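Worksheet: one structure, shown below.
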Amino acid sequence: MNDDEASQIKTRINDIAVIYCESTAYSGAREIERLADEEIIEVATAVKAGLELHGYRVDLVALDPKNIGGLSKYDHIFNLVETIYGYPLTDYEVAQQLEYLSIPFTGSSSETLKICLNKAATKKVLKANKITTPAYAVIEPGGKMSSALPFPVIVKPVHEDGCVGISADSQVKTTEQLEAQVRRIHTVYQQAALVEEFIEGRDITASIIGNGDEARLLPLSEIIYSDKDGPCHLTFDANWVAGSNEYQDSRSRVIGQLDASLLERIQTLALSAFHVMGCRDYARVDFRVRGTVPYVLEVNPNPCINPDGAGFVKAAQAAGYTYPDLIKSILDMSIRYHQLRIEKREEKVLI
């Protein structure tokens, strides 16, 4: 999008709502996950400040699921809603209601949010499109507590994100450990367990911004694990619990140089995954790289954009974005996407 287009957009779009959700329904084994959900208020505040620096009128809205229709008074929605424990609606259900009410919003559609929240469904789409992803099995509650995959494997809840449900013990090497982790997922998270081939190697992330042919990759980043005796995979504690050993022993850094052929392969797969999953505006694709072969682990639409350490933001900063400019760019791209849709509908009516 050029400066003239952005300027024209701004004269038409002024009132923005930054929406997020919150819940107080935590207990027992899931109490610690409040850390992840409380972060969204900090992010929403930062997004609001960034947009205000660019002249927008912005309200923070802790979303009331019974009054989503009230958002129609805004010109555009900056959607930070995430699926959180105890909240009555999932992120894709909120997006679904916004779509039904024809309220434009940033980020991916309800269909994309729904399928990407299901790790197994995502991997099925990736495989169908010849995008490399680790072998996997799904064990439903009450199902047979085993898989045909060789050890080591990693066990995750099939319907969570942000490393929820992933601990140092999630990587397993014996049948006994596998059964214990699957049982934990079934009991604590009340859902199927994804059992996935564990890829020994580098933990690399590709961040993407834009839409259609204009979608482009930001500099790649990598998770470095300094404790060789600790888990060499990202865990909930490593992501969220600042006082934990795992948090201290893992850090994200932008990759300075990478073998040209591997770089091209990761870039190609990342953009392919972005498009086949139907992502919009911004997304993150997570890889494990074994030797020279990259495997897509997950596709994350609407990834974390916390200015204090989020990998997507670090990648954007390495590409020259300030935080306010990154937020404005996401909004501008979303506005342009929705305007193009309206223009195409009007063209069809005229024809």
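The values are calculated or read from the model by the stated rules, or taken from the named source; none is laboratory data. Just so you know, these numbers come straight off a predicted model, no measurement behind them. With ideal geometry, Cβ positions are generated from the backbone for all residues, glycine too; neighbour counts draw on all protein chains shown.
Given the options Pro150, Pro134, Pro141, name the one that is in a loop (DSSP other than H, G, I, E, B) and touching a His at 6+ places or on another chain (Cβ under 9 Å). Only one candidate passes the filter, namely Pro141. The residues on offer are Pro307, Pro294, and the sole one that is over 13 Å from the mean Cα position of the chain (by Cα), in a loop (DSSP other than H, G, I, E, B), at pLDDT 95 or above and not small (Gly, Ala, Ser) is Pro307. Scan the stretch 215-230 and tell me whether some residue there is assigned to a helix (DSSP H, G or I) and not hydroxyl-bearing (Ser, Thr, Tyr). No, that holds for no residue. Take the residues in the stretch 81-101 that are charged (D, E, K, R) and in a helix (DSSP H, G or I), then tell me which one is nearest to Glu31 (Cα to Cα). The qualifying residue nearest to Glu31 (Cα to Cα) is Asp91. Note on the stretch 166-197: residues that are outside any helix (DSSP H, G or I) and over 19 Å from Ile115 (Cβ atoms) total 9.
Among the residues of the stretch 60-78, those that are in contact (Cβ under 8 Å) with a residue 12 or more places away in the chain and assigned to a helix (DSSP H, G or I) comprise Ile68, Gly69, Leu71, Ser72, Lys73.
Note on the stretch 31-80: among residues that are modelled with pLDDT under 95 and in contact with a strand residue (DSSP E or B) (Cβ under 7 Å, 6 or more places away or on another chain), the one that is surrounded by the fewest Cβ atoms within 10 Å (Cβ to Cβ) is Ala62.
Taking the criterion of being in contact (Cβ under 8 Å) with a residue 40 or more places away in the chain and of a type in the set (D, E, K, R), the residues of the stretch 174-209 that qualify are Glu196, Glu197, Glu200, Arg202, Asp203. Among Ser207, Ser250, which is the only one that is at pLDDT below 95, touching a Phe, Trp or Tyr at 6+ places or on another chain (Cβ under 7 Å), among the polar types (S, T, N, Q) and assigned by TED's automatic domain parsing to the domain that holds Pro301? Every option except Ser250 fails the conditions. Of everything in the stretch 159-209, what is over 23 Å from the mean Cα position of the chain (by Cα) and of a type in the set (Lys, Arg)? Give them in sequence order. Lys173, Arg183, Arg184 - these are the residues of the stretch 159-209 that are over 23 Å from the mean Cα position of the chain (by Cα) and of a type in the set (Lys, Arg). With the structure loaded, tell me whether Gly212 is modelled with pLDDT under 95, within 20 Å of the chain's Cα centre (by Cα) and surrounded by fewer than 18 Cβ atoms within 10 Å (Cβ to Cβ) or whether it fails that test. Here the answer is yes, as Gly212 does meet what is asked. Residues that are of a type outside the set (A, V, I, L, M, F, W, C), farther than 27 Å from Asn306 by Cβ and buried (at least 17 other Cβ atoms within 10 Å of the Cβ) within the stretch 134-178 comprise Pro134, Tyr136, Ser147, Gln177, listed in sequence order.
Restricting attention to the stretch 259-308 and to residues that are in contact (Cβ under 8 Å) with a residue 40 or more places away in the chain and of a type in the set (Lys, Arg), the residue that is nearest to Ser334 (Cα to Cα) turns out to be Arg280.
Taking the numbered list (1) touching a residue at least 24 places away in the same chain (Cβ under 8 Å); (2) crowded, with 16+ Cβ neighbours inside 10 Å; (3) outside the structural domain of Ile209 (by TED's automatic domain parsing) in turn, Val125 passes all entries but (3). Could you please find all residues in the stretch 150-167 being closer than 22 Å to Leu35 by Cβ and not β-branched (Val, Ile, Thr)? Within the stretch 150-167, Lys156, Pro157, His159, Glu160, Asp161, Gly162, Cys163, Gly165, Ser167 qualify. Number of residues in the stretch 81-115 that are surrounded by 20 or more Cβ atoms within 10 Å (Cβ to Cβ) and of a type in the set (S, T, N, Q) equals 4. Scanning the stretch 251-289 for residues that are among the basic types (Lys, Arg), surrounded by 16 or more Cβ atoms within 10 Å (Cβ to Cβ) and closer than 30 Å to Asp237 by Cβ turns up Arg284, Arg288.
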